[in-house]
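What follows is one structure encoded as structure tokens, with my remarks underneath.
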């Protein structure tokens, strides 16, 4: 009887233990690592107290509004570039992922290919610019940029404004991974 109670106790202990997920480099709909969607620009230095926060000094000297905030890991690795909103109490409007260790819950990051993106996310729209193709996702604030150099030569130099998902090679690499919070 004692063995049964011991065995049940051990099972309950293991069942109660949850594996803690490291969110240091996790991108979700509401957060990017330590940064939350509701974080204010004024709190960035507190959120990243263990890292280096670099603000655009030319703008800081002219006003209280900072155009870009760059977050560096201790040791110099560039993690994120943040763009605050122009509101009276600025929040974070755009986040550019600079470090490939940041990945989504579905495993997509800067080292991913277009094939991985389209297999994991529904594409809402593709916007063509002079040098890039921007892929906007359904039900997400995240968007990806692919360099036109990754496209077939007929699409790289052509003035076609409508590039479709089927025209983008599966092996096309992600140039930028951005999140636009509004």
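Quick check: anything in the range 80-91 surrounded by 13 or more Cβ atoms within 10 Å (Cβ to Cβ), more than 17 Å from residue 33 (Cβ to Cβ), outside the structural domain of residue 39 (by TED's automatic domain parsing) and in contact (Cβ under 8 Å) with a residue 24 or more places away in the chain? Looking for residues that are surrounded by 13 or more Cβ atoms within 10 Å (Cβ to Cβ), more than 17 Å from residue 33 (Cβ to Cβ), outside the structural domain of residue 39 (by TED's automatic domain parsing) and in contact (Cβ under 8 Å) with a residue 24 or more places away in the chain, one finds none in the range 80-91, hence no. Only residues in the range 41-68 that are surrounded by 14 or more Cβ atoms within 10 Å (Cβ to Cβ) count as the first member; pair them with residues that are part of a helix (DSSP H, G or I) and modelled with pLDDT of 60 or more, Cβ under 8 angstrom, at least 6 apart or cross-chain, and list the lot. Pairs found: 53/44; 53/45; 66/41. Within the range 172-182, the set of residues being in a loop (DSSP other than H, G, I, E, B), surrounded by 12 or more Cβ atoms within 10 Å (Cβ to Cβ) and in contact (Cβ under 8 Å) with a residue 60 or more places away in the chain comprises 174, 181. Which one is modelled with the lowest pLDDT, of the residues in the range 54-73 that are more than 21 Å from residue 110 (Cα to Cα) and assigned to a loop (DSSP other than H, G, I, E, B)? That would be 63. Here residue 169 clears all of (1) outside any loop (DSSP other than H, G, I, E, B); (2) in contact with a helix residue (DSSP H, G or I) (Cβ under 9 Å, 6 or more places away or on another chain); (3) outside the structural domain of residue 47 (by TED's automatic domain parsing) except the condition numbered (1).
Would it be correct to say that residue 31 is buried (at least 16 other Cβ atoms within 10 Å of the Cβ), assigned by TED's automatic domain parsing to the domain that holds residue 85, closer than 27 Å to residue 100 by Cα and modelled with pLDDT of 55 or more? Before you say what the answer is, go through the steps one by one.
Values: buried (at least 16 other Cβ atoms within 10 Å of the Cβ): no; assigned by TED's automatic domain parsing to the domain that holds residue 85: yes; closer than 27 Å to residue 100 by Cα: yes; modelled with pLDDT of 55 or more: yes.
No, not satisfied.
The values are calculated or read from the model by the stated rules, or taken from the named source; none is laboratory data. Computed from a prediction, not measured in an experiment: that's the story for all the values here. Because the Cβ atoms are built from the backbone with ideal geometry, glycine has one as well, and the counts that use them run over all protein chains shown.
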